[in-house]
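Asks: Structure incoming, see below.
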Amino acid sequence: MEELIAKRYLKAIKQSSDTETMQNIALIFSVLAQSFNDEKFNRVINNPDVSKNQKSEILLAAVKSVGSKDVDNLIKLLAEHDRIAIIPALAEIMRKDIAKTNKSYSGIVYSDSDIDTRVIEDLGNGLGNRFNSKISLKFVKNDFNGIKVDVEDLGVEISFSKSRINSQIIEHIVKAI
């Protein structure tokens, strides 16, 4: 539900902002969204005894140094309609929209063995060429027996399992005999 509401706000922001302003607003809201991970912050924001104006003032004080009227007005609007809780969803939707507009995505490479950074760059460049985008990949070591590439914003997941490749090689050899 929050995502649907956030998309409406995103549409309004896009209509009234250029690309650079949109990126700045997205950056500010991603920082605000991180505040929602703090338990004390959530207690204050979700407290029914704290008025909408007080919640608005807390958020406005957090972004005061930016000095953006657009951000201030958006925060006031969210507080007025009691929708402060959608800030994390709004930040995520803005990030995805900017990535889609710029055709610049990030992904993760999972494997149980170390992978050379050059190989990771080549994987990113190959996928980028395939999807006509710029894809930057980050390596995360885990217990996956093979290689798994995940670019969530594009909906792409590619995996090469060592055990599956070994079984396919054995099947192929058996068929050849």
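Asks: Name, by its number, the condition in (1) crowded, with 16+ Cβ neighbours inside 10 Å; (2) at positive phi that does not hold for Lys103.
Replies: In the conditions (1) crowded, with 16+ Cβ neighbours inside 10 Å; (2) at positive phi, Lys103 misses (1) alone.
Asks: Restrict the check to the stretch 97-119 and report whether at least one residue is in contact (Cβ under 8 Å) with a residue 40 or more places away in the chain, of a type in the set (Gly, Ala, Ser) and farther than 26 Å from Gln15 by Cβ.
Replies: yes
Asks: Could you please let me know if Glu171 is modelled with pLDDT of 90 or more, outside any loop (DSSP other than H, G, I, E, B) and open to solvent by 50 Å² or more (accessible area, probe 1.4 Å)?
Replies: no
Asks: If you check Ser56 against the conditions, is it in a helix (DSSP H, G or I) and surrounded by 15 or more Cβ atoms within 10 Å (Cβ to Cβ)?
Replies: Answer is yes for this residue.
Asks: Sticking with this one: Taking the stretch 115-130, which residues are among the basic types (Lys, Arg) and closer than 15 Å to Tyr105 by Cβ?
Replies: Arg130
Asks: Report the residue count in the stretch 131-164 for those that are open to solvent by 70 Å² or more (accessible area, probe 1.4 Å) and within 10 Å of Tyr105 (Cα to Cα).
Replies: Looking only at that region, the number is 2.
Asks: Identify the residue in the stretch 59-81 that is open to solvent by 100 Å² or more (accessible area, probe 1.4 Å) and of a type outside the set (Lys, Arg) and, among all such residues, is modelled with the lowest pLDDT.
Replies: The selected residue is Ser65.
Asks: While we're looking at this one, here's another question. Sort out which residues of the stretch 141-168 are in contact with a Ser or Thr (Cβ under 8 Å, 6 or more places away or on another chain) and either assigned to a strand (DSSP E or B) or among the small types (Gly, Ala, Ser) (or both), and write them in order of number.
Replies: Lys141, Gly146, Ile147, Lys148, Val149, Val151
Asks: For the subset of the stretch 104-140 comprising residues that are of a type in the set (Val, Ile, Thr) and outside any helix (DSSP H, G or I), which member is nearest to Phe160 (Cα to Cα)?
Replies: Among those that are of a type in the set (Val, Ile, Thr) and outside any helix (DSSP H, G or I), it is Val109.
Asks: Could you check Leu10 against (1) over 25 Å from Thr101 (Cβ atoms); (2) in contact with an Asp or Glu (Cβ under 7 Å, 6 or more places away or on another chain) and say which number it fails?
Replies: Here Leu10 meets the rest and fails (1).
Asks: Hey, could you check the stretch 24-53 for residues that are outside any helix (DSSP H, G or I) and under 14 Å from Ile86 (Cβ atoms) and say which is most open to solvent (accessible area, probe 1.4 Å)?
Replies: Asn46
Asks: On the given criteria, is Ile120 in contact with a helix residue (DSSP H, G or I) (Cβ under 6 Å, 6 or more places away or on another chain) and open to solvent by less than 30 Å² (accessible area, probe 1.4 Å)?
Replies: It is false that Ile120 is in contact with a helix residue (DSSP H, G or I) (Cβ under 6 Å, 6 or more places away or on another chain) and open to solvent by less than 30 Å² (accessible area, probe 1.4 Å).
The values are calculated or read from the model by the stated rules, or taken from the named source; none is laboratory data. These figures come from a predicted structure and were not determined experimentally. All Cβ positions, even for glycine, are placed from backbone atoms using ideal geometry, and neighbour counts span all protein chains on display. The area values use the complete protein model at the heavy-atom level, side chains included, leaving out ligands, DNA and RNA. Shrake-Rupley method; radii C 1.70, N 1.55, O 1.52, S 1.80 Å.
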